[in-house]
Amino acid sequence: MSRPSSNSLRPVSLMVSLFLLFTVQHVHAQSIASPDGTIALELTQTPDLNYRIQVDGEILITDSPLRLQLDETLTLGEQVKIGETQRTSHDSTWSPVVPGRFKEIRDHYNEMTVSFTETSRKVEGRETPFQIIVRVFNDGVAFRYRVNNADSAPIGVMAEGTHFRSQRTILAGR
């Protein structure tokens, strides 16, 4: 049995290398868990911004887009570049104004602020910076957008394109 020459293997290795180069996407991810560790949220950038949520190690929300359309040509969450990430924890109690089921309510969460730059469109030669602030509680998650508007002009939101994709039925409060 003859052994293939190294020259005959070069086209194959070149084709494999090109295939990997064009099919493998570079994924940036930032994650944070609840104070008790049961809930985890992960933000991914591939280059669009998505998130997923796990509860007790099981995926509850699959890769779902985070999008906020500000005008006809700018949608935050498409073609983003990840920047700085800051994390903090909070644990306090507060008393409701109107007494109800609880005299005091515990406000306990881990927070992650991730800075992004929208690269799909540059406004007057600038990229559009924004942040996603995520809070993960022991019984749920919350997130919000913060747009860094340098000229302080009002920002209008034309559409909110955040989705919640799940492979199973989700019941609120369960």
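Here are a few things to note about the model shown:
- Taken residue by residue, the stretch 143-161 has at least one member that is within 23 Å of E84 (Cα to Cα), among the hydrophobic types (A, V, I, L, M, F, W, C) and at pLDDT 75 or above.
- The lone criterion from (1) modelled with pLDDT under 90; (2) in a loop (DSSP other than H, G, I, E, B); (3) of a type in the set (D, E, K, R) left unmet by D36 is number (1).
- One residue alone among R52, R87, R67, R101 is loosely packed, with under 12 Cβ neighbours inside 10 Å and at pLDDT 85 or above, and that residue is R101.
- Which numbered condition A40 fails, given (1) out of contact with any His (no Cβ under 7 Å at 6 or more places or on another chain); (2) farther than 12 Å from V136 by Cβ: (2)
The values are calculated or read from the model by the stated rules, or taken from the named source; none is laboratory data. Not measured: the values here are computed from a predicted model. Positions of Cβ are backbone-derived with ideal geometry, glycine not excepted, and every protein chain shown enters the neighbour counts.
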